[in-house]
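Colleague: Mind having a look at this structure? Questions to follow.
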Amino acid sequence: MKEGGGGTSEHGTFVFITVKARPTTGAAAAVPAPITGKGWEWVAPDGEAIGWNSGDSITVQTERFDGGGDIQPGSFQWQSTVFDLTAAQAKGGTLQYVDGDGAAYRWKIPATDAGPQIAEVKQQLLAD
């Protein structure tokens with residue numbers, strides 16, 4: 001997507017990832033602030049790691065997928081992370097998350113739209 005959610009891609013493509021965030025222990029948890037060097041990163045097919053603040057990605061907003069703050073045990077929040085990528089970088093890749101303890105988790109991301117929230121995300125991004 002080139003435009004949506006209040007932003008216009010500087011590099012050609014927004015990749016919008018929805019996340020069902022929940023604590024993995026019995027204590028409340030929050031996604032670490034990006035300034036800590038932890039959080040979300042996109043690893044392009046050529047291995048280039050691209051941070052959460054790529055291009056115009058920080059301007060993209062939705063109503064439903066912008067949760068934040070502490071998440072209590074037994075509950076979850078819908079959150080999102082957005083990357084502003086070139087067409088080559090957006091042709092699939094790996095989503096990487098580094099938690100507050102420094103542990104890294106990775107998910108392969110397909111080159112095409114996928115997932116149960118696609119229609120809702122597109123509707124919200126195009127509604128602005």
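Coordinate-derived values only; no laboratory data. Fair warning: this is a prediction, and the values are worked out from it, not measured in the lab. Methodologically, a virtual Cβ is constructed for each residue, glycine included, from the backbone with ideal geometry; neighbour enumeration extends over all protein chains shown.
Colleague: P(r) tail for the chain, what percent of Cα pairs lie past 22 Å? Don't skip to the answer; put the middle values down first.
Modeller: Values: 2772 of 8128 pairs.
Value for the chain (Cα pairs over 22 Å): 34 percent.
Colleague: Per DSSP helix of 4 or more residues, -39500 (n - 2.57); summed, then divided by the residues of the chain. What does that give at 222 nm, rounded to the nearest 500? Could the numbers behind the result be given before it?
Modeller: Working: 1 runs with 9 residues, N = 128.
Helix-only estimate at 222 nm: -2000 deg cm²/dmol.
Colleague: Give me the number: length gained by fully extending Trp78 to Asp46, i.e. 0.36 nm times residue separation minus the C-alpha to C-alpha distance, one decimal in nm.
Modeller: Full-extension gain reported as 8.6 nm.
Colleague: Assuming R0 = 35 Å, can you tell me the calculated FRET efficiency for the pair Asp113 and Ala27, based on Cβ-Cβ distance, to the nearest 0.05? Could you put the intermediate results ahead of the total?
Modeller: Values: r = 35 Å, r/R0 = 0.99.
Efficiency, from the Cβ-Cβ distance: 0.50.
Colleague: Please give, to one decimal in nm, the separation of the simple spin-label points placed at Asp101 and Glu120, each 7 Å out from Cα toward the Cβ.
Modeller: The modelled label-to-label distance comes out at 3.0 nm.
Colleague: Would you mind ranking Val98, Val121 so that the residue whose beta carbon has the fewest other beta carbons within 10 Å leads the list?
Modeller: Numbers: Val98 16, Val121 21.
The most exposed by this proxy come first: Val98, Val121.
Colleague: Under 10 Å, Cα contacts only: if you run a Gaussian network model on the chain, which one of Pro45, Pro23, Pro116 comes out with the highest mean-square fluctuation?
Modeller: The residue with the greatest mean-square fluctuation here is Pro116.
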